[in-house]
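Trainee: Below: one structure in structure tokens.
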Amino acid sequence: MSNKRRIILFLPLIVFLGMGVFLYKGLFLSPEKLDSALEGKPIPAFQLEKLENQGEMVTNKDLVGKVALMNVWATWCPSCKYEHPFLMMLARQNIVPIYGINYRDERGPAIMELAREGDPYTLNIYDKDGRLGLDLGVYGAPETFIIDHNGIIRFRYAGPVDQRVWTETLLPMVQQLQAEAKQDGAA
């Protein structure tokens, strides 16, 4: 058998093994720990409608001034439904404003779901086509970003926020950023 023929015979095996190693490595990646290219950078410029008020516009400048959470959610997202009660509790505690980004969703069902389940959001942005989500590097819903009082993205968390994630990861960062904002004289 010629060398050329051996290579042709073993090529599928080599490709299969290479893909197997790549996929095996992927099993051990944690999606909530995916890096965000925007950490340390301003919220991308946008001008979108409020979810509840068609025609009333919101821009990235409306999110500057306070340390806040920016939560990407949708009615089609089961994990968003799981995290919703926790976001409601968090909103009642009034520790940090939560800005919602209704991602690739339909306005009517989204408004109805918030009316039925409660609305934890200080402000809710309607991102019907997902352009803001794309600019933020969103992989899917839910994702939560911490933004500082200057409108800089400081952290990204992929997955549902619950008590453990809040207590161990997000709250310490929020408290640190709020302390920095006080030192800077911001609210």
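The values are calculated or read from the model by the stated rules, or taken from the named source; none is laboratory data. Here the structure is a predicted model, which is why all the values come from computation and not from measurement. FYI the Cβ positions are ideal-geometry reconstructions off the backbone, even for glycines, and counts take in every protein chain you see. Areas reflect the complete protein model, heavy atoms only, side chains present, ligands, DNA and RNA absent. Shrake-Rupley method; radii C 1.70, N 1.55, O 1.52, S 1.80 Å.
Trainee: Provide a single number: the residues in the stretch 37-52 that are touching a Phe, Trp or Tyr at 6+ places or on another chain (Cβ under 8 Å) and assigned to a strand (DSSP E or B).
Mentor: 3
Trainee: Could you list, in sequence order, the residues of the stretch 86-106 that are open to solvent by 10 Å² or more (accessible area, probe 1.4 Å), in contact (Cβ under 8 Å) with a residue 12 or more places away in the chain and part of a helix (DSSP H, G or I)?
Mentor: Phe86, Met88, Ala91
Trainee: I'm trying to understand the selection: among the residues of the stretch 155-177, which are open to solvent by less than 60 Å² (accessible area, probe 1.4 Å) and among the polar types (S, T, N, Q)?
Mentor: Thr169 - this is the single residue of the stretch 155-177 that is open to solvent by less than 60 Å² (accessible area, probe 1.4 Å) and among the polar types (S, T, N, Q).
Trainee: Got a sec? Which of Gly159, Gly133 is of a type in the set (Gly, Ala, Ser) and over 22 Å from Val64 (Cβ atoms)? Outline the logic, then answer.
Mentor: Working: Gly133 fails: over 22 Å from Val64 (Cβ atoms).
Just one listed residue meets the conditions, Gly159.
Trainee: Oh, and also: Could you check the stretch 65-78 and list, in sequence order, the residues that are surrounded by 16 or more Cβ atoms within 10 Å (Cβ to Cβ) and either closer than 21 Å to Ile43 by Cβ or out of contact with any helix residue (DSSP H, G or I) (no Cβ under 6 Å at 6 or more places or on another chain) (or both)? Break it down into steps so the answer makes sense when it comes.
Mentor: Going residue by residue through the stretch 65-78, those that are surrounded by 16 or more Cβ atoms within 10 Å (Cβ to Cβ) are 66-75, 77.
Passing the criteria: Lys66, Val67, Ala68, Leu69, Met70, Asn71, Val72, Trp73, Ala74, Cys77.
Trainee: How many residues are at pLDDT 95 or above, more than 19 Å from Ala110 (Cα to Cα) and open to solvent by less than 50 Å² (accessible area, probe 1.4 Å) when one looks only at the stretch 21-64?
Mentor: Of the residues in the stretch 21-64, 6 are at pLDDT 95 or above, more than 19 Å from Ala110 (Cα to Cα) and open to solvent by less than 50 Å² (accessible area, probe 1.4 Å).
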